[in-house]
Amino acid sequence: MSNEAQSNPESNGLSNLLSEDRSFPPSEVFAAGANADAGWYSRAEADRDAFWGEQARRLSWETDFSRVVDWSGAPFAKWFVGGKLNVAYNCVDRHVEAGHGDQVAIHWVGEPGDTRDITYGQLKDEVCRAANALVSLGVGSGDRVAIQLPMIPEAIVAMLACARIGALHSVVFGGFSPAALRSRVDDAQARVVITSDGQFRRGKAAPMKANVDEALAGAESVRTVVVVRRTGDEVPMDPARDVWWHELVEGQPVQHTPEAFDAEHPLFILYTSGTTGKPKGILHTSGGYLTQVAYTHHVVFDHKPGQDVYWCTADIGWVTGHSYIVYGPLANRATQVVYEGTPNTPHEGRHWEIIQNYKVSIYYTAPTLIRTFMKWGEQIPAGYDLSSLRVLGSVGEPINPEAWMWYREHIGAGKTPIVDTWWQTETGAIMISPLPGVTATKPGSAQKPLPGISAKVVDDTGTEVGPGGGGYLVLDKPWPAMLRGIWGDEQRYRETYWSRFAEQGYYFAGDGAKYDADGDIWLLGRVDDVMNVSGHRISTTEVESALVSHPTVAEAAVVGATDPTTGQGIVAFVILRGNAAETGEQAVQELRNHVAKEIGPIAKPRQIMIVPELPKTRSGKIMRRLLRDVAENRQIGDVTTLADSAVMDLISQGLKTGK
Ligand code: 6R9
């Protein structure tokens, strides 16, 4: 079987989600060696409990579980009832005990160019020392520890040390403001905060401890702040509260006996933004979470311990960093790259250079970064040897077919399978994704729920739609890594996720989706981003996809703005590529016509604004709410979660001066 596209390559630049019909079957060689095969779907379907029981055997249990799932307290699940395990033991010690102590766990690459290789044996010692250090601070099972650290090995060590002693970590992204950190510390009543003096971003040392000091002024729950030395910059230390990581941890013994905790013992809280202003503390527990992250990391990335070099480019502050840098890969004895910095420091080929140097074979990143790479140009990756790559992953937002094809052609040499993985902070682990070596992949589709997972696309009444139909994505059966609630707010948990389809008992994901004729699932973006124009449902993603299929467009964001005639009108914000010949009104007309041609006249944007930048959160999601404010001529709302709060000024000024 060939690896080549099943369609006319001339259409590549013009495709969009609605008309996409290319499909790439796996190569026979890949399929023959793949970790999963098509039989997994039917096996899981035939006996879901037996299937998950089998997946749980990937882990080492100190006490066996007596029942796979107890859903009688829905929507609060209990998985692997009666089982006991230690999560950190599963991620570290057992690999050392099995004779892999010398295998590199982490190839760490600092932004300024410093590197550290950490073996599983060394990681075990570090985690034990840190666990003993936390115990010496009085941290015990069930306590909360907030962690705000850059992408340095101590971040991973700190998380595992918490897990080892049964304390919950609450990791707060390094770029979050003092106010954001404070609200999370208060909500979880964290007892200890672990941070660093500073962090390297874009070639400069930026302060971190200073932000933490500002955040914690008067925070009553916090007894101790542990400070990792990273940048070496001078920081004020409060002798009553602050302690250096190296002084606290280095003297600790490397012996620490892991205690086995109940499968449902809480593992971590991770805050995520919801529809209201207050972030939700998503709660995850131990046995089910670790089972599903290990299982999915194994089958979705076809990971082979001892052979692959894996790299997930996420930050530890997001769920992708939790599940696919810390828990999944380490449970599976991966050797992985952890990179501290930004992709264009000191040059735009940094990622490709790292892949070349470490022979990375599995690379997992986000569409927004892929589109940035496209903007920088394909000549940059072409200058490096990327032949070690054998699986490419995407996560975080729908990937438009053009970015998917670019990823495949320019990073994957036209043959590397791409897994587009749909999941959420709430789901804990990957839910919908192709399986490499099994699935014939389609550019822009996450395709099928994984074996053991059940998802449906339903209409307003909760009835499943047929092939070709669109609606809401729901999860109709419990899954091991599902959230166990919102920290301290049971009512909000029930309302946010379980009230929309209460009658059916479905989890409402908040995403729009459709089936294609083959029954494959295409994610269409958040339902709050689905526009209704003259009674037609149009996804912002579909219009964006059509826009970026135009050769002059680098990036696009689309919002539905209130319109007196049509209900909503489509407003697009577009960044042109540097080489675009047409600008201004000419470009706008051309693009409006292009969208009309690609999707249909109903999708023609009412307005297109050419802008220099788009407002993004620090995890790379476009903040459409702010663009909607611009589109509807409103005062621009809260910009505190933007990665760069100056972007909105830039956009407003550009619009005034017509640039
Ligand atoms: C893992 C993560 C979750 C939301 C989710 C959806 C979007 C994530 C996607 C995707 C289409 C994919 N999303 N992966 N949409 N295709 N492969 O990103 O978690 O930060 O909680 O975001 O992201 O809208 O509902 P989180």
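Anything in region 604-635 that is over 30 Å from residue 315 (Cβ atoms) and either loosely packed, with under 15 Cβ neighbours inside 10 Å or at pLDDT below 85 (or both)? List them, or say none.
Matches in region 604-635: 607, 632, 633, 634, 635.
Quick test for you: out of 368, 345, pick the one residue that is in contact with an Asp or Glu (Cβ under 9 Å, 6 or more places away or on another chain) and farther than 24 Å from residue 444 by Cα.
Values: 368 fails: farther than 24 Å from residue 444 by Cα.
Unique residue meeting the criteria: 345.
If the Cβ limit is 6 Å and pairs must be 6+ apart or interchain, which residue in region 419-437 that is closer than 21 Å to residue 28 by Cβ pairs with which residue that is of a type in the set (D, E, K, R) and assigned to a loop (DSSP other than H, G, I, E, B)?
436/302
Is it the case that residue 286 is polar (S, T, N, Q), in contact (Cβ under 8 Å) with a residue 24 or more places away in the chain and closer than 30 Å to residue 30 by Cβ? Before you say what the answer is, go through the steps one by one.
Numbers: polar (S, T, N, Q): yes; in contact (Cβ under 8 Å) with a residue 24 or more places away in the chain: yes; closer than 30 Å to residue 30 by Cβ: no.
Taking the combined requirement at face value, the residue does not satisfy it.
Give the residue that is farthest from the ligand (Cβ to nearest atom), with candidates limited to residues of region 502-527 that are among the charged types (D, E, K, R) and part of a strand (DSSP E or B). Don't jump to the end; show me each part of the working.
Step one: of region 502-527, the residues among the charged types (D, E, K, R) are 503, 511, 514, 516, 518, 520, 526.
Narrowing further to those that are part of a strand (DSSP E or B): 511, 514, 526.
Details: 511: 5, 514: 12, 526: 5 Å.
Filtering region 502-527 for residues that are among the charged types (D, E, K, R) and part of a strand (DSSP E or B), the one farthest from the ligand (Cβ to nearest atom) comes out as 514.
Residue 94: surrounded by fewer than 23 Cβ atoms within 10 Å (Cβ to Cβ) and assigned to a strand (DSSP E or B), yes or no?
Numbers: surrounded by fewer than 23 Cβ atoms within 10 Å (Cβ to Cβ): yes; assigned to a strand (DSSP E or B): no.
No.
Quick one: count up the residues across region 378-397 that are out of contact with any strand residue (DSSP E or B) (no Cβ under 8 Å at 6 or more places or on another chain) and within 13 Å of the ligand (Cβ to nearest atom). Walk me through it before giving the result.
Just the residues of region 378-397 that are out of contact with any strand residue (DSSP E or B) (no Cβ under 8 Å at 6 or more places or on another chain), to begin with: 378-387, 396.
If we keep only those that are within 13 Å of the ligand (Cβ to nearest atom) as well, we get 396.
Total satisfying the criteria: 1.
Would you be able to say whether some residue in region 167-177 is farther than 20 Å from residue 137 by Cα, in contact (Cβ under 8 Å) with a residue 24 or more places away in the chain, polar (S, T, N, Q) and not in a strand (DSSP E or B)?
So in region 167-177, the residues farther than 20 Å from residue 137 by Cα come out as 172-177.
Next, only the ones that are in contact (Cβ under 8 Å) with a residue 24 or more places away in the chain stay: 172-177.
When the remaining residues are screened for being polar (S, T, N, Q), the result is 177.
Filter once more, so that each one left must be not in a strand (DSSP E or B): 177.
The answer is yes, given that some residue of region 167-177 is farther than 20 Å from residue 137 by Cα, in contact (Cβ under 8 Å) with a residue 24 or more places away in the chain, polar (S, T, N, Q) and not in a strand (DSSP E or B).
Looking at this structure, is residue 479 within 12 Å of the ligand (Cβ to nearest atom) and either within 20 Å of the chain's Cα centre (by Cα) or at pLDDT 95 or above (or both)?
Numbers: within 12 Å of the ligand (Cβ to nearest atom): no; either within 20 Å of the chain's Cα centre (by Cα) or at pLDDT 95 or above (or both): yes.
Considered against the rule, which asks whether it is within 12 Å of the ligand (Cβ to nearest atom) and either within 20 Å of the chain's Cα centre (by Cα) or at pLDDT 95 or above (or both), residue 479 comes out as no.
Which condition number in (1) touching a Cys at 6+ places or on another chain (Cβ under 9 Å); (2) closer than 23 Å to residue 512 by Cα is the one that residue 429 fails?
Failed condition: (1).
Of the residues 3, 35, which is modelled with pLDDT under 95 and in a loop (DSSP other than H, G, I, E, B)?
Values: 35 fails: modelled with pLDDT under 95.
The conditions single out 3.
Do you know which residues across region 361-377 are aliphatic (A, V, I, L, M) and within 16 Å of the ligand (Cβ to nearest atom)? Quick ask: steps written out before the conclusion?
Kept after step one, since they are aliphatic (A, V, I, L, M), are these residues of region 361-377: 362, 366, 369-370, 374.
Selection gives 366, 369, 370.
Can you tell me which residue in region 398-444 is nearest to residue 284 (Cα to Cα), limited to those that are aliphatic (A, V, I, L, M) and away from the ligand (no atom under 13 Å from the Cβ)?
First, the residues of region 398-444 that are aliphatic (A, V, I, L, M): 399, 403, 405, 411, 413, 418-419, 429-432, 435, 438, 440.
If we keep only those that are away from the ligand (no atom under 13 Å from the Cβ) as well, we get 405, 411, 413, 435, 438, 440.
Numbers: 405: 35, 411: 34, 413: 38, 435: 25, 438: 30, 440: 33 Å.
By that ranking, first place goes to 435.
For region 111-125, how many residues are assigned to a loop (DSSP other than H, G, I, E, B) and either of a type in the set (Phe, Trp, Tyr) or buried (at least 18 other Cβ atoms within 10 Å of the Cβ) (or both)? Walk me through how you get there before you give the answer.
Looking only at region 111-125, we keep the residues that are assigned to a loop (DSSP other than H, G, I, E, B), and these are 111-114.
Next cut, either of a type in the set (Phe, Trp, Tyr) or buried (at least 18 other Cβ atoms within 10 Å of the Cβ) (or both) only: 111.
So the count comes out to 1.
Which is in a helix (DSSP H, G or I), in contact with a His (Cβ under 9 Å, 6 or more places away or on another chain) and either buried (at least 24 other Cβ atoms within 10 Å of the Cβ) or modelled with pLDDT under 95 (or both), of 184, 164? First the steps, then the outcome.
Details: 184 fails: in contact with a His (Cβ under 9 Å, 6 or more places away or on another chain).
Just one listed residue meets the conditions, 164.
The values are calculated or read from the model by the stated rules, or taken from the named source; none is laboratory data. Model, not experiment: these values are computed from the prediction. Every residue, glycine as well, gets a Cβ built from its backbone with ideal geometry; the counts of neighbours run over all protein chains shown.
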